[in-house]
Each structure stands twice: as structure tokens, then as C-alpha cells.
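Derivation of every value follows stated rules applied to the coordinates shown; laboratory data play no part. Please read these numbers as outputs of a predicted model, since none were measured by experiment. Positions of Cβ are generated from backbone atoms using ideal geometry, with glycine treated the same way; all protein chains shown enter the neighbour counts.
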Amino acid sequence: MLLAFLKLVRVPNLLMVLLTQILIKYGLFDSFGISITLSGLGFSLLVLATICIAAAGNIINDIFDLEADRINKPEKVLIGNKISNNTAYTLYIILSILGVGSGFYLSNIIGKPGFSAIFIIISALLYLYATYLKHIMVIGNVIISSLVAFSLIIVGLYDLLPAITAENQQTQSTIFSILLDYALFAFLLNWLREMVKDQEDIKGDYNAGRNTLPITLGSKRTNLVIFLVGLLPIAAVIYYLYNYLFENIYAVLYTLFFIVAPLLYFLINIWTSETKKDYHKLSFLLKIIMLLGILSLGLYKFILL
């Protein structure tokens, strides 16, 4: 039962969220010695709220994804096999309450009670995504990718924003802009991955009555769309290298070898991808690229300062 629960909430994805937020606070913010708001307890509450709501989102998504999953990945279907539908709903409610409750408590601790609405809105969007938005071409992918990006931004909202003063405003804004750059990168990579997963799951999605890009445009045209969108993160990274990092050889080499090169490999291979296996490999590659991008948050204190 425990193993099934861990698979249901997608522990590897949650660990990536955990790692990202830790690196933002202790890799990025601490490296620049900026003013922060959250204590260890406050940061723990933020992480708890984020992970609980993300886990709840994974559960509700699987509950409403059963029809497609039985075709796309029957060997991985947990609800109805190892976990009952009622148990899944109960877990979803518990995690949602715990996540929103933690966010509400944290918002009051830092004197920003209005911020608690953020967690309510995110939880509601995840429910709407699972029940309705994922059936709308492009919109569903953009929504879920935006929420992934917001898991980075929220650390800045809670840790940087309340600590802004007239004296430190410029510094705080600079660090927040770096955070926004990472969030944009996460958004673009996740958007690519969502489209690749739509290619991978086209059969089940068609039978479930969804309106995804591959179903509407066909696989070949969708590969072209993915290729064109894939040019955006490469262009953004190269622009960032040229304008901010070109003087540091270690930062340049890390970015070229671990970000740009894999993205180029992805773009080359998307043209010839046709099978479920092809798309699964590319989806995994994008996940690795995202992880490598996130890990660079922990390198600032070693290569930039």
C-alpha cells in the first residue's frame, strides 16, 4: 500500500520540486547574501504546502485519467487495482487540506494573509486541469507548465518580497529577475514535455475524447510545433550566456554541455520520432535537462561569486 501511494503521488517529481526550492533558497538567495523572510520553519511550511498540493494534483489527475491510462500504460494503473477509488479521493482531500492549511498558516506568520489565496487558486487549478482543462488543446499544457514555473516563483514571493525595503529594492529585484528567468526555462521545458507526452499517449487520449495537438494536427505536424517551441529555450539560454555569463568559463561550459547540447540533441531527434518508445525517451531527456538546469542554482556560490 505504501509503495502504491508513493507511486501514485509521483515521488520523483515531488523530490525535484523539493530540490528546486531548496536550491533557490540555499543556493541562490544565500549566495548573494540578500535579505530574506523565511526561517527554517517558515521555509519548511512552504515546501510542505507546495509538495502536498502537487501530490494531491497528481492523485486527482490519475482519478480522472483512468480511461486513457488503461490504454496508454495499463501496467502502471494503480487506482482500482492497488488503491481503491474512495481511498484515492480521501488521500486527495487530506493532502489538499494539509497543503492549503500550511500555506494559510505560513501566510499569516509572515504577515501576508492575502497570500493564502495563492494555494487555494493553485489547488483549484489542478482540479480544473484534471477534470476539464486537459481536454482543451494547448490550454491544458500551458496551465500545468505555468504551475510548474510558479513552484519556483513562489519561493521568491514568500522569501524575498516581504523583505524588500527602499535600501535593498534594487538587489532584491535583481535576484527575483534571475528567479523569473529560471521559471521561464522551467515553463518552456515542461511545455515541450507535455506536448511530447501527448504524442506518446495519443491512442489513449483519442479514446478518452481529448483534443490534443497530435489528435488535431497529426504527429508529423505536432513534431514541427515541438521543434519550433524547442528553439525558444535554446535561444533564451544562448542570450543569457552572451549577456550575463560569458566572462565565466565554468558557467559557459556547464551550460553548453549540459543544457544546450542535450536540447540540440532533442531537436534533431524530434524530427524522426514516430513511436511511443521514441517519445518516451525524449520525454525522459527533457526531464534530465530540467534537472541539470535546476542543479545550476547550486553553483552560483562556486562559479559566480
- [ ] Inverting the mean 1/r over all pairs of different Cα atoms, compute the Kirkwood radius of the stretch 171-305 and quote it in Å.
- [x] 16.0
Task: 10 Å-binned pair-distance histogram of the stretch 176-225 (Cα, whole percent) - done: 26, 39, 21, 13, 1
- [ ] At a Cα cut-off below 27 Å, give the lysines reachable from residue 203, other chains included and same-chain residues fewer than 8 away excluded.
- [x] 7, 73, 76, 82, 134, 220, 276, 277, 281, 287
- [ ] Just the Kirkwood number for the stretch 127-186, please: inverse of mean 1/r across all distinct Cα pairs, in Å, one decimal.
- [x] 13.0
- [ ] Give me the distance between the Cα centres of the stretch 239-280 and the stretch 1-28, rounded to whole Å.
- [x] 24
Task: Protection proxy ranking of 11-17, 25-31, 58-64 - average other beta-carbon atoms within 10 Å, highest first - done: 58-64, 25-31, 11-17
TODO: Can you tell me the alpha carbon radius of gyration of the stretch 2-303 divided by the globular rule-of-thumb value 2.2 N^0.38 Å?
DONE: 1.03
TODO: List every DSSP H helix in the chain whose Cα atoms extend 20 Å or more along the helix's own long axis and whose mean Kyte-Doolittle hydropathy is at least 1.6.
DONE: 40-63, 116-131, 139-159
Task: Diffusion coefficient, µm² s⁻¹, Stokes-Einstein with Kirkwood Rh over alpha-carbon pairs of the stretch 53-201 at 4 °C and 1.567 mPa s - done: 76
